[in-house]
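Asks: Quick one: structure below, then a few questions.
The values are calculated or read from the model by the stated rules, or taken from the named source; none is laboratory data. Here the structure is a predicted model, which means the values were calculated and not measured. Glycine gets a Cβ as well: all are built from the backbone with ideal geometry, and neighbour counts include every protein chain shown.
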Amino acid sequence: MRKHLGIIARLAALAAVSTLAANAASMAGWTDRKEYDLVLKIRVESSPQKQLDLLNQWKQQYPKSDMRQVRRELFLSAYQALNDVVHMFETAQEMIEDQPANLVGVYWCTLLTPEMKDAKPETLAIGDKASHQLLSGLDAYFAPNQKPESVSDEDWQKQRTAAELLANRTMGYVQWKTGDSAGAEKTFRAYLEKDPKSAEVMSWLGYVLAAESQPVAAAWQLTRAAASRDDEALPEIWRRQVDDMADRLYTGYHGDSEGLDKFKTAAAANAFPPADFQVESAEAVKQRKADEELSRLDPELAAWMRIFKRLTAVDGEKYFLEELKPNPLPKLRGAVIKCSPALRPNEVVLGLTSASAEEVTLRVSTPLPHAAEPGTTIEFQGTADTFIKDPFKLTVLVDKENITGWPEAGTRRK
């Protein structure tokens with residue numbers, strides 16, 4: 001919120017004081033001399049609480065004063081000094097009700113909606129309307145002929161950009177709180193493209209992604225928010241909560257804190273995860289370790305299981321054509337299921353996962369001298385030739401000399 005407080009708020013306060021000063025000099029706009037004298041007291045009073053007392057007296061005695069919008073701006077200034085967000089929001093709402101196009105009221109309703117802790121539907125509706133009104137009115141609000149002479153063109157453009165970000169901030173917040181997670185994610189991402197240092201919006205995006213069951217992406221944004229230490233950093237209590245949530249999301253997904261420091265370093269340096277950045281899930285870690293153990297105990301079976309998983313995946317055909325077929329296969333092992341023809345077979349059907357699953361058909365370049373009994377275990381190396389996904393069938397071209405374990409003539413399988 002801090003980054004949005006200065007721009008229109010300062011201009012509004014200056015405008016209110018300037019209006020009072022001009023009217024005081026000319027006695028224009030005052031109901032009578034008593035109203036004029038009362039407001040003079042407000043101008044010189046330095047205590048925000050005493051200002052409020054005088055402003056309430058002014059409001060009670062002159063409820064229909066022509067200066068009531070200026071009075072509301074002074075109310076806003078006093079409430080802001082007292083950090084009274086609720087009364088600030090109510091005052092801004094009054095300004096819009098009296099003058100729907102009032103820039104100051106629209107600005108403050110937009111700014112304060114996320115600060116209202118109750119987040120009631122009516123509060124969110126007011127903020128949503130104000131934020132859209134602010135965004136749609138930027139061309140008129142920041143037209144060149146509206147720029148004060150004391151403001152440079154560069155500062156004028158910065159104020160417009162800040163107003164645009166403010167509107168998007170509240171729009172995303174309302175989407176989040178009303179259950180439109182997809183809309184909130186889109187709005188917050190667009191905001192961070194323009195202001196990647198906003199720890200507040202990073203944390204909000206993290207909460208939205210967590211609710212959408214995207215734990216890694218959520219942990220990324222929350223980690224970035226917690227790591228921020230500049231002018232847009234979170235208050236310390238909030239920062240610790242965000243950091244703790246990021247840690248829980250990461251360890252919950254990964255299974256432990258291994259790699260968390262590396263993850264935090266990467267998140268602190270990039271607004272969004274690089275395309276090739278990945279965090280293993282706990283299930284993937286478990287499977288990887290099991291595969292590593294299988295590779296140690298039975299490398300041939302482990303090699304086949306890696307191939308089989310890739311072939312049966314969604315992109316199995318693509319993997320076959322682009323990776324498996326162009327390259328020699330590793331050494332594999334299988335059990336003979338049947339041979340054909342029976343006397344001098346040049347095709348052997350094998351089960352690699354189990355002795356009964358017809359998975360691989362060897363096409364031998366030179367016919368084998370005789371068949372092998374079902375269940376005979378052989379090892380082979382060759383190249384993949386054809387593949388059918390359903391029912392699963394992989395055909396492998398192999399030379400006779402690349403088959404080991406084929407029985408001698410007249411022997412029987414034990």
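Asks: Test residue 73 against the criterion of being at pLDDT 90 or above, assigned by TED's automatic domain parsing to the domain that holds residue 134, touching a helix residue (DSSP H, G or I) at 6+ places or on another chain (Cβ under 8 Å) and part of a helix (DSSP H, G or I), and give yes or no. Give the derivation first.
Replies: On the way: at pLDDT 90 or above: yes; assigned by TED's automatic domain parsing to the domain that holds residue 134: yes; touching a helix residue (DSSP H, G or I) at 6+ places or on another chain (Cβ under 8 Å): yes; part of a helix (DSSP H, G or I): yes.
Yes, satisfied.
Asks: Sticking with this one: When the residues of the stretch 252-280 are narrowed to those that are of a type in the set (S, T, N, Q), in a loop (DSSP other than H, G, I, E, B) and out of contact with any helix residue (DSSP H, G or I) (no Cβ under 6 Å at 6 or more places or on another chain), which ends up nearest to residue 192 (Cα to Cα)? First the steps, then the outcome.
Replies: So the first thing to find is which residues in the stretch 252-280 are of a type in the set (S, T, N, Q), and the list is 257, 265, 270, 278.
From what's left, in a loop (DSSP other than H, G, I, E, B): 257, 270, 278.
Those still in the list that are out of contact with any helix residue (DSSP H, G or I) (no Cβ under 6 Å at 6 or more places or on another chain) too: 270, 278.
Numbers: 270: 11, 278: 22 Å.
That would be 270.
Asks: Taking the options 358, 373, name whichever one is modelled with pLDDT under 95, over 14 Å from residue 333 (Cα atoms) and either outside the structural domain of residue 400 (by TED's automatic domain parsing) or more than 44 Å from the chain's Cα centre (by Cα) (or both).
Replies: Working: 358 fails: over 14 Å from residue 333 (Cα atoms).
The unique qualifying residue is 373.
Asks: Hey, another quick one. Cβ-Cβ under 7 Å, sequence separation 6+ or interchain: first residue in the stretch 37-51 and surrounded by 13 or more Cβ atoms within 10 Å (Cβ to Cβ), partner assigned to a loop (DSSP other than H, G, I, E, B) and of a type outside the set (S, T, N, Q). Which pairs?
Replies: 48/82; 51/45
Asks: Next up: Report every pair of residues separated by at least 6 positions or lying on different chains whose Cβ atoms are under 6 Å apart, first residue within the stretch 228-256 and surrounded by 19 or more Cβ atoms within 10 Å (Cβ to Cβ) and modelled with pLDDT under 95, second outside any helix (DSSP H, G or I) and aliphatic (A, V, I, L, M).
Replies: 254/279
Asks: Listed residues 288, 306; which is of a type in the set (Lys, Arg), under 33 Å from the mean Cα position of the chain (by Cα) and either outside any helix (DSSP H, G or I) or at pLDDT 85 or above (or both)? Working first, answer last.
Replies: Details: 288 fails: either outside any helix (DSSP H, G or I) or at pLDDT 85 or above (or both).
Unique residue meeting the criteria: 306.
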